[in-house]
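Colleague: Encoded as C-alpha cells, here's the structure I'll be asking about.
The values are calculated or read from the model by the stated rules, or taken from the named source; none is laboratory data. In this text the structure is predicted, and so the values were computed from the model without any measurement. Here the Cβ positions follow ideal geometry from the backbone for every residue, glycine too, while neighbour counts run over all protein chains shown.
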Amino acid sequence: MNSTPTTPTNANGRRYWRSLDELADTPEFKEWLHREFPQGASELDGQNRRHFLKIMAASFAFAGVATLGAGCRRPEEKLEPFGQQPQPDYIYGKPEYYATAMPTRTGAIPLVVKSYDGRPIKIEGNSLFPGSNGGTDRYAQASILNLYDPDRAKRFAKDGKTVSREEALKFLDDLSQKFSANQGEGLAFLAESSTSPSRARLQKIIAQKFSQSKWFTYDAIDSGIHQRAATQAFGQPVKPIFNFDKAKVILSLDCDFLGTEDDAHNHIRKFAQGRKAGEGMSRLYSVESLFTLTGANADHRLRVAASEIFQIAKEIGFAIGSRVNAELAHSVWPRDNDVTPAAVRGKTGAKWISECAKDLVAAGKNALVVAGQRQPLEVHLLAHAINSALGAIGNTVTLISAEENSSADLELLNHTNVETLVVLGSNPTYNLDGFPKGLGDGNTPKPNTVIQFGYYEDETSVISDFFFPAAHYLESWGDATTSDGTLVPIQPLIQPLFGGLTELEFLARVAGESQTNPYEIVQATFGGSEESWKKFLFNGFNSDGKASLANASLLGQTRNIAIELAKASREKTVPVSKDHLEVIFFRDAKVDDGRYANNGWMQELPDPVTKITWDNAVLVSRKTARELGVQNGDIVEISLNGKSVKGPIWTQPGMADYSLGLALGYGRERAGRVGTGVGFNAYKIFSGKYIETGAAIKKTGETYVIATTQSHWSMEGRPAVREANLEEFSKNPDFAQEMHDKEPPVVKSLYPNPFDEAKKTALHQWGLVVDLNSCVGCNTCVVACQSENNIPIVGKDQVSRGREMHWLRIDRYYTSDPKRQNNRSLFDPNADMNQTDAEQQFAEWIDDVQAVSQPMLCQMCEAAPCENVCPVNATSHDEEGLNVMTYNRCIGTRYCSNNCPYKVRRFNYFDYSKRPASALKGPFYPTPLLNKTDGKWDLLSWFKAPEASGMREEDEWDLIKMVKNPDVTVRMRGVMEKCTYCVQRIQQAEIAQKVKAGASGNIRLKESEGTIPKTACQQACPAGAIVFGDISDSDSTVSKWKSQPRNYSVLGELLTKPRTTYLARVRNPNPAMPDYHAPYSMEEYENRGGEFHAAEKGNS
Amino acid sequence: MSIFPKWTNWLPLVLLIGAMLTGGAVTAGVWYYFTPKYTRVGYEPVQPVPFSHKVHAGELGIDCSYCHSMVDKTWVANIPSASTCMNCHSQVLKDDPRLAIVRESATNNTPIPWVQVHITPDYVYFNHAVHVARGISCVECHGRIDQMDEVYHAKPFSMSFCLDCHRDPAAHIRPTDKVTDLGWKWNSDPVKAAHMQEVNGAKFVHDWKVQSLQSCSACHR
C-alpha cells in the first residue's frame, strides 16, 4: 500500500471521520492532493478501491470547503519578475517603438512599430520619412495579424513530414555543394519581385556561382509594368514617380492609383495634397471599366470597356497632338479608322475626349496621364508619349534610376530541363494555371525536387518536396527600397515565433555563403560606418541613399512602338458584346493576390466600392445583367479560352457594359482556417493578361449568398454627404451649412443637459473632423481601428445579419442624375422612399453613377440619444465630451443602439474574440435549433459537448491574443461597444503629461507642444483627412477646420450636437465637359427637399 | 366547518414577514460578505521568500522606489528583479538559506513566483505613475506596508474606495517628496495635522490643477 494515504483512525473497524479537517489535515493527505499522480497510481488494486473512492469524495468536499473558507477570492495569481533586469532602460508596461519597413513588390512602406513587452502590436507609418505624413495602407495595417496567424507555417517539412531544423539546413548545404559542382545545371529559382538590395546582391552571387542556373521573377499580380514601360519609353533603366500633388489635371487611363495599384498610400497622400478645396485644386478625369476608387473620386468619368482604353488614349493623344502641333499630330498620332467604338462614345464621347484633351493641353506641364497596371504596355507607352508631349516629364512625372529585378523569360520555365526548383515566397500551384504540369510538357521532365520557401504551407506545399517556413517581416532582418528609391531597413521586433528563416538567410545558405546571418548580410550590403548604420536603423531610412533622378527624354519611336503593339493585339481582340464579354482580372483591395486570404481582418473588410465581405464576385453592369438574364447571387460559369470558372453575379453600378470584373486572390484551397474556400479562384481562367475578350457566361441555376455591409446604395436625397462644384463653392462657401434638413427651432430645453455643467471642469474638449474632400475611401482607417481597438471579426454569416463589429465604417453612397430616378418618383417626397435592394440592381439610374465615401464613426453627440435610454448608465458622458462606454456595466439591452441615429454602436452577439475560426464562414442557418452539421443536429451536439462548440483551442488563443492591445478591454459576449476616439491614447497622453507636471499645474495637452494624441484612424490615414484635437483650444487644427464654412454635422437637425463633424466635399468638374453638372447628391437633395436655393450652380 | 384551521388566516402574513426577513438577511449578507471589504481585506498569502517589508522599508528605511523602481514611470509598480535584491545581498546575508531562491533566480534568470496580493480587476486601468507623481502616497491604497512582515491586503479596493479619494483628492494629497514616506504626518498632533491637510490639500489641488476625475473613462476603457 504505497499509494493512498491512511486515515488516522483504526484501520480495522468502521471508519468515521469526525471532521473533514481531521482527515484532510494529515500531511500525507495534503501531499497526496498536491501530487498530480499519486505514486503507484497505476497499481491501485481492488482492495483499495472503496477507500480510494472515499478519499476522492473527501477531496472534492475539501475543495468545496476550501473555497468557502477562503471566501470568494479570486484564484491565486503569481507575479513573476525577471531574475535579471533585461536592459537598464527597460520599463515594464511602457511600449517601445522601432523603425522598420514592410516590403512590397515594387517598394516598401517605412513603418514605426509599437512593441509591448516584446510583442509587436500596432503598425504605424514612419512620419520621419521624408514626405510621409505617417499614413500607411490597409495591407500594412493588417499585416500584423499574419504574424500571429495560428495557421502559418511552423515547421520544416520533407515530403509533408516534419523534419528538424538542423536536418533541413543540412539539406540546403548539400544542395549548395551539389550545384556548385556543376555550376547550377538544372537549378531554377522562382522568386517574387523584391526591392531589397541585399537580395539583389545574393541573386548576383548565385548567378555567378551557379552560372547555369535560371532565375525567374514571377508575381501573380504584376505591378512592375510602370517601370518596364518607362524603361522602354526612355531607353534607360528608370522608374516613374507620379507627382499627383503637382498635377493640376490628371487623366487616369484605367489606373486605380487610389485603390489597388501598388504604392496607393503615397498616391493618396499626394493626390489629397493637390486637391485642397478651393482655387488651384486638381481635376481628375478617369477612363475606366470597373468602378474603382479612382473613378469614384474622379470629376469626370468615362465608362468604357477596358480593352478599348488604348483607342481612347490614342484619340486623346491625337487631340492633344493636334493642339500642340497639328503636323506632328497627324504624323505620330495617325487616326486609324479600323475600330470606332462608337457605341461607347457617340457625340458626347467625342466631346468628352476633345474637351479633356483641351484641358490637359491647357495644364501643359502640370498635366499628368497615368495608365493602369492592368493595361497592356502600349497604353503605358502612349501615356508617356502624351506626358512628354505636354512637357510633364520632370514635373508631374519624375524619373529615377532603378534596376529591374532580372528575370529569365517565364516561358522558359516550361522548356528548360529543371531538376531542382526553388520556389521563393510565391504560390504558383494556386495562381499560375498549369503549374507544375507545364514544367514537363512531354519533352522536359518534371523537376525532381521542388523546394518551397513560404509563409504558409499552401497549395504549392502539396507538390513541394522540401518546405522551409519563412519569417514574417516583423521577425526579419532585411532591407528594401521605397518607391522613391530610398533605402530602408527591415528590423525584427520579435524573434521568429516558429523558427522561420528570412529570405536572405535562405538564399545565402543556398548560395553556400559563409555569411548566413541576415543581420550581417544587410549590414554588409549597407556598408558605411557603424555610426551611419545606427542612424539608418534608428531613423528607419537612409537619407543619403536616395536614388538619383534620371534625366531622360522620350525615345522618338515610343508612339509607333505602342501603336504597333496595339495593332498586334487588336487582331486578337473581338469587340465586346453580350456574347463576347470582356474579362478584367484585378488585384483585390483586400486579399491582394491571395496572400492575405487567411487574414480575417482583410476578409471581413468591406471592399471599398462593392462593400462585399468574405467573397469575390463576378462584377457586371446592370445592362449586362439584364441582357444575360442574371441577377445578384446567381452563380454563372464563365468560359474563356477553353477554361472556365464559376462565381456569383454582383451588379456593380458604374461598370462598363459587357465587362466582367473578377477579383484575383480568392478560392484558396489551402490558405488556412480563415481563407480556405472563400470566394472562387479566378486564376483558373487567368493567363497573365489582365484584360481578355471573348468570354461567355452560362447560368448554372444555383444561387449564392453574398454578405455586404451596405445593401442599400442610395442616400435618398438626404444630405449625409454634402458636395458642391468648385464654382458653386467659390460663390457660396456656406453651401454645406445651408443644406441641412428643416431644423426645429431651438427652444430652451426643459431638461438642462448635465454635460453643460460638467464640461466646465474639463481641461480639454475633444472633437474630430473628417475632410470629405481628402478622403478617398481607401479603408486604411477601418483596419487601423480594428488593430488598435481589439475589434474581433465575426464571419460571413454574422456580417450577412448586420453584426459586423467595425467601430469605424466607410459608407459608400451611389448618386445619380435625379432626372433618371424621377421616372420612378423616388424623390417625390410623397412617394414610398424605399427602393428594395433587389430593385436597385435593375434600376437604370445605377448605370452612370457618382460615388461618395464617408467614414462613419461615433459622432460623440453632446446630447447623445444613446445615453438617455441606457437603463444601467453603462454609456455616459465624460467632462471632456467623450461619449464613453463602460463594458463592465453593460447588460446588453441594445436600447442605445436602437436609439443611435448614426448606427455606430456594435453589439457582441457572441464571444467573437474567442470563437473558433471554423465559425467564421457559416453555417447559414435560420436558427440553431433547426440546423444540422454533418447530419447531426447542432443543438444536440452542443448539448452533448458544450465545451467543444465554440471556443478557440487554448494554444491557438494564446497566439491570437498576442496581437491584442493591452490598453483596450477585449469585450465579451453581451456587451455593446463603439468608437471611443481611442480613449486609451487620450488617457495615456493625459497621464504622461500629469506625470511630467508632477507638483505643478502644467497638465493641459497642447497642440503647440505636440502632446495631443492621434487617434488610430487619424494616424493611419494616408490622405490626412482626419483631424482630432482639442476644440476648446482655438489655435488647434481641429478648431480651425471646424470654423471652415465647409464644416457640417450629419443629421444636425436632430440637435444631437455631434463632436464629429465633416468638411463638405468639393468637386472640380470642367464646365466645358458634356457631362458637367452639379454633384448628383446635391441635385438629388434639391430635388427632394426643394429647400436649398443656392446661388447659380452653372448647370447646363 | 372549514377545512382550513383558524391559524391559517395568519399564514399569508407569516409568510410575508418570513420572506421579508429571509430576503433582508440575504441582502444584508450579500451586502456585507460579497464586498471587497470582506473578501479582500486581510488576504495574506504566504510568499515563496520570507521577505519582510517591515525590516527593509520600516527598520532599514529603504525607499519604496528603490525596489519598485518603475512606479513613477509606468502603470505598474514592478516587483524587483532578483538582481536588485543581490545589490545588497551579495554582501549582506550572502549565504542565508532563506535567500536561496533569490540567489538562484539572480544567477539563472528564473522568476521567483511571488503571490499577487493587490489586484485590480482587468477592466480597471489603474496607473501608478500618475498617482505617485501627483502626491498620492503608497499608503493610501496599500496601508502601512512598512509595518508588515508579510504583506497583506489592507484596503478594500472596491470602486467606492477609489471614488472616495477621486471625489475629494484634497483630503489625501500630500507633498510629492513624502509619497513614499508611509508614516509621514503633517503634524504629530492629529488635530493640527487634520487642519493642515485641509488647508494644504486644497492648496495643492488648486495649484497643481488636480482633477476630481469621476467619469467612467478615467478608469475604464
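Colleague: Considering only strands (runs of 3 or more DSSP E) fully contained in region A:464-574, which possess at least 3 residues that are of a type outside the set (Phe, Trp, Tyr) and crowded, with 21+ Cβ neighbours inside 10 Å?
Modeller: Correct list: A:478-481, A:487-490.
Colleague: So, in region A:970-980, how many residues would count as being closer than 21 Å to residue A:1019 by Cα and either among the β-branched types (Val, Ile, Thr) or at the interface with chain B (Cβ under 9 Å from one of its Cβ atoms) (or both)?
Modeller: Number satisfying all stated conditions: 1.
Colleague: Any idea which of (1) at pLDDT 90 or above; (2) out of contact with any Leu (no Cβ under 7 Å at 6 or more places or on another chain); (3) surrounded by 21 or more Cβ atoms within 10 Å (Cβ to Cβ) is the one residue A:912 doesn't satisfy?
Modeller: Of (1) at pLDDT 90 or above; (2) out of contact with any Leu (no Cβ under 7 Å at 6 or more places or on another chain); (3) surrounded by 21 or more Cβ atoms within 10 Å (Cβ to Cβ), only one is false for residue A:912: (1).
Colleague: Quick check on my filter: what residues within region A:384-405 are part of a loop (DSSP other than H, G, I, E, B), touching a Gly at 6+ places or on another chain (Cβ under 7 Å) and of a type in the set (A, V, I, L, M)?
Modeller: A:402
Colleague: Right, something else. Scanning for something more than 14 Å from every other protein chain (Cβ to nearest Cβ), in contact with a helix residue (DSSP H, G or I) (Cβ under 9 Å, 6 or more places away or on another chain) and in contact (Cβ under 8 Å) with a residue 60 or more places away in the chain, does region B:61-79 turn up at least one residue?
Modeller: So far as region B:61-79 goes, yes, one or more of its residues are more than 14 Å from every other protein chain (Cβ to nearest Cβ), in contact with a helix residue (DSSP H, G or I) (Cβ under 9 Å, 6 or more places away or on another chain) and in contact (Cβ under 8 Å) with a residue 60 or more places away in the chain.
Colleague: Can I ask one more? Might you let me know whether region B:16-35 holds any residue that is in a loop (DSSP other than H, G, I, E, B), of a type in the set (A, V, I, L, M) and either in contact with a strand residue (DSSP E or B) (Cβ under 6 Å, 6 or more places away or on another chain) or loosely packed, with under 14 Cβ neighbours inside 10 Å (or both)?
Modeller: No, region B:16-35 contains no residue that is in a loop (DSSP other than H, G, I, E, B), of a type in the set (A, V, I, L, M) and either in contact with a strand residue (DSSP E or B) (Cβ under 6 Å, 6 or more places away or on another chain) or loosely packed, with under 14 Cβ neighbours inside 10 Å (or both).
Colleague: Let me ask another. Filter region B:81-101 down to the residues that are part of a loop (DSSP other than H, G, I, E, B) and surrounded by fewer than 18 Cβ atoms within 10 Å (Cβ to Cβ) and list them by number.
Modeller: The answer is B:90, B:91, B:92, B:93, B:94, B:95, B:96.
Colleague: Of all residues in region A:996-1012, count the ones that are part of a loop (DSSP other than H, G, I, E, B), touching a Gly at 6+ places or on another chain (Cβ under 7 Å) and more than 8 Å from chain B (Cβ to nearest Cβ).
Modeller: 1
Colleague: Next question. Taking the stated definitions as given, is residue B:105 farther than 22 Å from residue A:967 by Cα and at the interface with chain A (Cβ under 7 Å from one of its Cβ atoms)?
Modeller: yes
Colleague: Is it the case that region A:1015-1022 has a residue that's of a type outside the set (Val, Ile, Thr), facing chain B (nearest Cβ under 8 Å), in contact with a helix residue (DSSP H, G or I) (Cβ under 7 Å, 6 or more places away or on another chain) and under 30 Å from residue A:867 (Cα atoms)?
Modeller: No, that holds for no residue.
Colleague: Regarding residue B:167, is this residue modelled with pLDDT under 95, basic (Lys, Arg) and either surrounded by fewer than 19 Cβ atoms within 10 Å (Cβ to Cβ) or over 18 Å from the mean Cα position of the chain (by Cα) (or both)?
Modeller: yes
Colleague: A further question on this structure: List, please: which pairs have Cβ atoms under 9 Å, are six or more places apart or on different chains, and start with a residue in region A:850-874 that is free of Cβ contacts under 8 Å to residues at least 12 places away in the same chain and end with one that is part of a strand (DSSP E or B)?
Modeller: Listed by first residue and then by second, the contacts come to nothing, as the list is empty.
Colleague: Okay, moving on. Looking only at region B:155-187, how many residues end up being hydroxyl-bearing (Ser, Thr, Tyr) and under 28 Å from residue B:34 (Cβ atoms)?
Modeller: 2
Colleague: Further, regarding this structure: Which of the residues spanning region A:91-108 are surrounded by 21 or more Cβ atoms within 10 Å (Cβ to Cβ), in a loop (DSSP other than H, G, I, E, B) and either modelled with pLDDT of 90 or more or of a type in the set (Gly, Ala, Ser) (or both)?
Modeller: Those that are surrounded by 21 or more Cβ atoms within 10 Å (Cβ to Cβ), in a loop (DSSP other than H, G, I, E, B) and either modelled with pLDDT of 90 or more or of a type in the set (Gly, Ala, Ser) (or both): A:104, A:107.
Colleague: I would also like to ask the following. Among the residues of region B:194-215, is there at least one that is within 14 Å of chain A (Cβ to nearest Cβ), basic (Lys, Arg) and on the phi > 0 side of the Ramachandran plot?
Modeller: yes
Colleague: Of all residues in region B:80-102, how many are within 9 Å of chain A (Cβ to nearest Cβ) and closer than 21 Å to residue B:181 by Cα?
Modeller: 2
Colleague: OK, next. For residues that are part of a loop (DSSP other than H, G, I, E, B) and more than 14 Å from chain A (Cβ to nearest Cβ), scanning just region B:109-161, find the one that is farthest from residue A:885 (Cα to Cα).
Modeller: B:149
Colleague: Since residue B:58 meets every condition but one in (1) within 12 Å of another protein chain (Cβ to nearest Cβ); (2) touching a residue at least 60 places away in the same chain (Cβ under 8 Å); (3) crowded, with 16+ Cβ neighbours inside 10 Å, which condition does it not meet?
Modeller: Among (1) within 12 Å of another protein chain (Cβ to nearest Cβ); (2) touching a residue at least 60 places away in the same chain (Cβ under 8 Å); (3) crowded, with 16+ Cβ neighbours inside 10 Å, the lone unmet condition for residue B:58 is (1).
Colleague: So, one more: Any chance region A:66-80 includes a residue that's at pLDDT 85 or above and away from every other protein chain (no Cβ under 14 Å)?
Modeller: Taking every residue of region A:66-80 in turn, none turns out to be at pLDDT 85 or above and away from every other protein chain (no Cβ under 14 Å).
Colleague: Are there any pairs with C-beta distances below 6 angstrom linking a residue in region A:1005-1024 that is of a type in the set (Gly, Ala, Ser) to a residue that is surrounded by fewer than 19 Cβ atoms within 10 Å (Cβ to Cβ), with the two at least 6 apart or on different chains, and if so which?
Modeller: A:1024/A:133
Colleague: Let me ask something else about it. Tell me, which strands (runs of 3 or more DSSP E) wholly within region A:846-902 include 2 or more residues that are more than 12 Å from every other protein chain (Cβ to nearest Cβ)?
Modeller: Per the criteria, A:850-856.
Colleague: Okay, moving on. Where residues in region A:981-995 are crowded, with 20+ Cβ neighbours inside 10 Å and touching a Leu at 6+ places or on another chain (Cβ under 7 Å), which of them is nearest to the other protein chains (Cβ to nearest Cβ)?
Modeller: Among them, the one singled out is A:983.
Colleague: With a cut-off of at least 2 residues that are in contact (Cβ under 8 Å) with a residue 40 or more places away in the chain, name the strands (runs of 3 or more DSSP E) lying wholly within region A:117-204.
Modeller: Passing ranges, in order: A:119-125, A:156-158, A:187-191.
Colleague: Just one of (1) closer than 25 Å to residue B:156 by Cα; (2) modelled with pLDDT of 90 or more; (3) surrounded by 18 or more Cβ atoms within 10 Å (Cβ to Cβ) trips up residue B:43, so point out which.
Modeller: (2)
Colleague: Please enumerate the residues belonging to region A:1059-1083 that are in contact with a helix residue (DSSP H, G or I) (Cβ under 6 Å, 6 or more places away or on another chain) and either free of Cβ contacts under 8 Å to residues at least 24 places away in the same chain or under 27 Å from residue A:353 (Cβ atoms) (or both).
Modeller: Within region A:1059-1083, A:1066, A:1068, A:1070, A:1072, A:1073, A:1074, A:1083 qualify.
Colleague: If the requirement is being touching a residue at least 60 places away in the same chain (Cβ under 8 Å) and under 26 Å from residue A:462 (Cα atoms), which of these qualifies: A:716, A:702, A:669?
Modeller: A:669
Colleague: Out of A:85, A:141, report the one residue that is within 14 Å of chain B (Cβ to nearest Cβ), buried (at least 16 other Cβ atoms within 10 Å of the Cβ) and out of contact with any Lys or Arg (no Cβ under 6 Å at 6 or more places or on another chain).
Modeller: On inspection, the qualifying residue turns out to be A:85.
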